[in-house]
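The values are calculated or read from the model by the stated rules, or taken from the named source; none is laboratory data. Everything numeric here is computed off the predicted structure, so don't read it as measured data. Note: ideal-geometry Cβ built from the backbone for every residue, glycine included; neighbour counts use all protein chains shown. Calculation scope for accessible area: heavy atoms of the full protein, side chains included, ligands and nucleic acids excluded. Shrake-Rupley method; radii C 1.70, N 1.55, O 1.52, S 1.80 Å.
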Amino acid sequence: MIKFLTATTMFISSLFFVSQYAQASNLPDFPFVLVTGEAKTKVAPDMATIHLNLMAFDKDPEQALFTVGLRGREIVKLLNELDVKRNDIKSYNLNKQIQRERTNGYGQGKISGYEVNQRFEVTLRNIEHYSLVMDKLIAMKNVNNVTINFDVSNRQSLIQALVRKAGKDAKQKAQDLAAGLDAKLGNVFAATQDSSFNEFFARFGLRQENMGRFEAMKMSDRGGNYNMFAPETIELRKTINVVYKLK
């Protein structure tokens, strides 16, 4: 019995070391350094995307549907008056759910009414209209779950510039690290933007926290009746991860 346990233990141990060797063999077979380059900039937003949900509850399903439809038309009318293009107003399918009274047993309770929902997505390309639109929406009945994302129309060009700046930052960090190790910096072996590098880290047994898109906001003093104001600036940040060979 003792011999059987010993043999089993040795077999499990050998599997462990084989697994460890297989995992370690995935690492590059050359010396390398891994660096993260970062770049950020503050810009004034010139557009906003508003997500909202219209919700109505009534014992009469037709009345609930009518209420949501009426409120939706009011929203579209408001936006049309501000010259928001039709393509920048998106409405989604109506969703109707039966609401029932709670029961102490396992059976279904009596129907208490009907809940109707519809989602809207609005893109404001003139940020000057933001406070007025939000004041109207917040005060409007049946408007629920309002979320806002601020952005800039020239995001693509700004991000490209940030990538170049982050690349220079990564190279400088790699050169400093190589110098500290009395080595020379070689060519780039791998590079990726933001969080997609995690797959590379998993492949080589390394770990890195997600570095997704980050946007901070500095709020403006200009607001409407309900202090629904656009931020004065938003901060765009770009992160890249680079693996350099060492000579």
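Once you've got the Cα coordinates, tell me which of K90/K136; K59/K136; K40/K90; K59/K141; K110/K141 are over 23 Å apart.
Beyond 23 Å: K59/K136; K40/K90; K110/K141.
May I ask you to evaluate 6.51 cos²θ - 1.76 cosθ + 1.60, the Karplus curve with θ = phi - 60°, for each residue of the stretch 46-51 and list the ³J(HN,Hα) values in order in whole Hz, giving x for glycine and proline?
Rounded to whole hertz, the list is 10, 7, 8, 10, 10, 10.
Quantify, in whole percent, the carbon and sulfur part of the accessible surface of the stretch 94-177 (1.4 Å probe; protein heavy atoms only).
That share works out to 45 percent.
Round to the nearest 0.05 the FRET efficiency obtained for L94 and V163 when R0 = 35 Å and r is the Cβ-Cβ distance.
The calculated FRET efficiency here is 0.25.
May I ask you to derive the FRET efficiency for E101 and F66 from their Cβ-Cβ distance with R0 = 30 Å, giving the value to the nearest 0.05?
In this case the efficiency is close to 0.80.
If packing is taken as the average number of other Cβ atoms within 10 Å across a peptide's residues, how do 180-188, 50-58 rank, most packed first?
The packing order, highest mean first, is 50-58, 180-188.
Please work out the average accessible area per residue across the stretch 28-106, using the 1.4 Å probe convention, and give it in Å².
Using a 1.4 Å probe on heavy atoms only, each residue of the stretch 28-106 averages 67 Å².
Residue by residue through the stretch 108-123, what is 3J(HN,Hα) from phi via Karplus (6.51 cos²θ - 1.76 cosθ + 1.60, θ = phi - 60°)? Round to whole Hz and write x for glycine and proline.
With the stated coefficients, the stretch 108-123 comes to 6, x, 5, 5, 9, x, 10, 10, 10, 10, 8, 8, 10, 10, 10, 9 Hz.
Note the full-extension length gain between I148 and F189 as 0.36 nm times their separation in residues minus their Cα-Cα distance, in nm to one decimal.
Extra length from I148 to F189 when fully extended: 10.8 nm.
Pull out the extension gain between L177 and E235, defined as 0.36 nm times the separation in residues minus the alpha carbon to alpha carbon distance; nm, one decimal.
Gain on extension, L177 to E235, equals 18.0 nm.
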